[in-house]
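Computed from the coordinates by the stated procedures, all read-outs in this text should not be read as laboratory data. All values derive from a computational prediction rather than experimental measurement. Using ideal geometry, Cβ is built from the backbone for each residue, glycine included, and neighbour counts are taken over all protein chains shown.
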Amino acid sequence: MTDEDVLAEFRAAEALLEGHFILSSGLRSPRYLQCARVLMDPARAARLCEAVAAKIPADIRAQVSAVVAPAMGGVIVGHEMARALGVPGMFLERPEGTFHLRRGFRLEPGQKVLMMEDVVTTGLSSREAIAAIAREGGETIAAASLVDRSNGAADLGVPFFPLIRLDVPSYSPDALPPELAAIPAIKPGSRAAA
Ligand SMILES: O=P(O)(O)OC[C@H]1O[C@H](OP(=O)(O)OP(=O)(O)O)[C@H](O)[C@@H]1O
Ligand SMILES: O=C(O)c1cc(=O)[nH]c(=O)[nH]1
Ligand SMILES: [Mg+2]
């Protein structure tokens, strides 16, 4: 799947939003990739995750025995990725502020995991998820996502396979360009405000 094919899927899902968004990190952006809209079509979700799986080298794929994803954004994409790889899929939650496995999900000691995200911006949520997988006894051997909008800046500490890398601006809230400052900000994600 080419970058243009991926963007066509996002466009068809009306998932390329423009406005003034407060990101999970607190950064602000004029653009937001609403992956939930992309994933609401199960056939599209399966197509995209099969394309992510095809980006992962065969030796890594052969070792992965579970996909673990951080809720909320990771839940559907993690499940579809688990289907694409033929392994179980689980998700991490943070009702008290720190990611952990709930609902009877568990990892065997040393179990090799793929951490799956919908979007990576600063990489903080991904690093928190990878740290949680380690606390749960697993070993994250690779990470993947639909979108990497970190502009090459996110270091997850493991090999990282995004389906598409997009060059999208993010700004500190105290350094907003005037055209962004003029629009009311909305926060689509579910991380609690800092
Ligand atoms: O790389 P980062 O700077 O951490 O940003 C990306 C994260 O932000 C979004 O989640 P969010 O925290 O908004 O919550 P949600 O998944 O519950 O919607 C997205 O699902 C990623 O997890
Ligand atoms: O950084 C984020 O919170 C973020 C950016 C984006 O484009 N899409 C998304 O779901 N989250
Ligand atoms: Mg998230």
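Residues in the range 115-153 that are aliphatic (A, V, I, L, M) and surrounded by 21 or more Cβ atoms within 10 Å (Cβ to Cβ): M115, M116, V119, V120, A129, I130, A132, I133, A143, A144, L146, V147. Each residue in the range 90-131 was checked for being among the hydrophobic types (A, V, I, L, M, F, W, C), out of contact with any strand residue (DSSP E or B) (no Cβ under 6 Å at 6 or more places or on another chain) and within 13 Å of ligand 2 (Cβ to nearest atom), and 1 pass.
What residue, among those in the range 151-191 that are polar (S, T, N, Q) and more than 16 Å from ligand 3 (Cβ to nearest atom), is nearest to E4 (Cα to Cα)? Residue satisfying both the conditions and the ranking: N151. For the range 53-74, does any single residue satisfy the condition of being within 15 Å of ligand 3 (Cβ to nearest atom), within 19 Å of F10 (Cβ to Cβ), within 17 Å of the chain's Cα centre (by Cα) and assigned to a helix (DSSP H, G or I)? Checking the range 53-74: at least one residue is within 15 Å of ligand 3 (Cβ to nearest atom), within 19 Å of F10 (Cβ to Cβ), within 17 Å of the chain's Cα centre (by Cα) and assigned to a helix (DSSP H, G or I). Of all the numbered requirements in (1) exposed (fewer than 14 other Cβ atoms within 10 Å of the Cβ); (2) more than 18 Å from the chain's Cα centre (by Cα); (3) closer than 27 Å to R47 by Cα, D174 misses one, and that requirement is (3).
For the range 119-143, what are the residues that are within 14 Å of ligand 3 (Cβ to nearest atom) and either among the aliphatic types (A, V, I, L, M) or on the phi > 0 side of the Ramachandran plot (or both)? Reasoning before the result, please.
Here is the first cut: in the range 119-143, the ones within 14 Å of ligand 3 (Cβ to nearest atom) are 119-130, 132, 143.
Of everything in the range 119-143, those that are within 14 Å of ligand 3 (Cβ to nearest atom) and either among the aliphatic types (A, V, I, L, M) or on the phi > 0 side of the Ramachandran plot (or both) turn out to be V119, V120, G123, L124, A129, I130, A132, A143.
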